[in-house]
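The values are calculated or read from the model by the stated rules, or taken from the named source; none is laboratory data. In this text, all values refer to a predicted model and were calculated from it rather than measured experimentally. Ligands, DNA and RNA are stripped out before the accessible areas are found, and what is left, the full protein with its side chains, is counted by its heavy atoms. Shrake-Rupley method; radii C 1.70, N 1.55, O 1.52, S 1.80 Å.
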Amino acid sequence: MLIELELVGVRVELPHNQPIVLLKEQTGFRFLPIWIGAPEATSIAFALQGVAMPRPLTHDLLRNVLDDLSVGVERIVVTELREGTFYAEIELLHDGSTVKVSSRPSDAIALAVRAAVPIFAEEAVLAEAGIEIEDEDEQEVERFKQFIDSVSPEDFRT
C-alpha cells in the first residue's frame, strides 16, 4: 500500500553535518528521515526556495529533457529500505504508458519538487523507518519548519 508524503524540508543533522530530507505522511504522525548527499540537499533547497540558477543544475536539466521529450513525471515512490539504503522509483508517463525508473530517493525528490508531483512511500518502508512524533513533539517539528524557512542553500555547501 502506498502512503502519500509531504516534503517538510531538508536540514543538516548535527554533529555529523549530514544532510537529511524529512518527509511526513499526509494523514498521520509518522515522519520519514532520509540521509542524503550535500549536492542533492542543495538542489532540493534551491527548488523549494525558487532559486533560479543561470545554468541548469542536474535536476533542472533532467526536468528540461523530460519536458522537451513530452514525458510527464507522475509521481515518485520510495519503494524499499534494504541494508540501510533507501530505494525509489520515478514514475513517468509517455504516450499513455507508465514507465518506472529506478532512482536514489534524493534525486527523485529533487525532481518531484521541480515537477510539482506527489511523493509516496510503501507502507513497509514507513513501518520500518518511520518515526512517529506525538503531539508533545509538535514543538520540535515547528522548530524544524522554522529552520527550513530560514536556511539558505549555501548552508549545504561543503
Please give the length that would be gained between E6 and E132 if that part of the chain were fully extended, namely 0.36 nm times their separation in residues minus their C-alpha to C-alpha distance (nm, one decimal). 43.9 nm
What is the gain in length, in nm to one decimal, between V99 and V51 on full extension, counting 0.36 nm per residue of separation less the C-alpha to C-alpha distance? 14.3 nm
Please report the relative contact order for the stretch 15-109, taking Cα pairs under 8 Å with a sequence separation of at least 6, and give it as a percent rounded to a whole number. 19
Amide H of I36 versus every other amide H placed in the peptide plane: which residues, excluding those fewer than 5 positions away on the same chain, fall under 5 Å? I20, V21
Using only C-alpha atoms and all pairs of different ones, pull out the Kirkwood radius for the stretch 1-63 in Å with one decimal. 13.0
Solvent-accessible area per residue, Å², over the stretch 1-142 with all protein chains present [probe radius 1.4 Å]: 54
Area accessible to solvent at F120, 1.4 Å probe radius, in Å²: 30
More than 22 angstrom apart: percent of Cα pairs within the stretch 50-132: 30
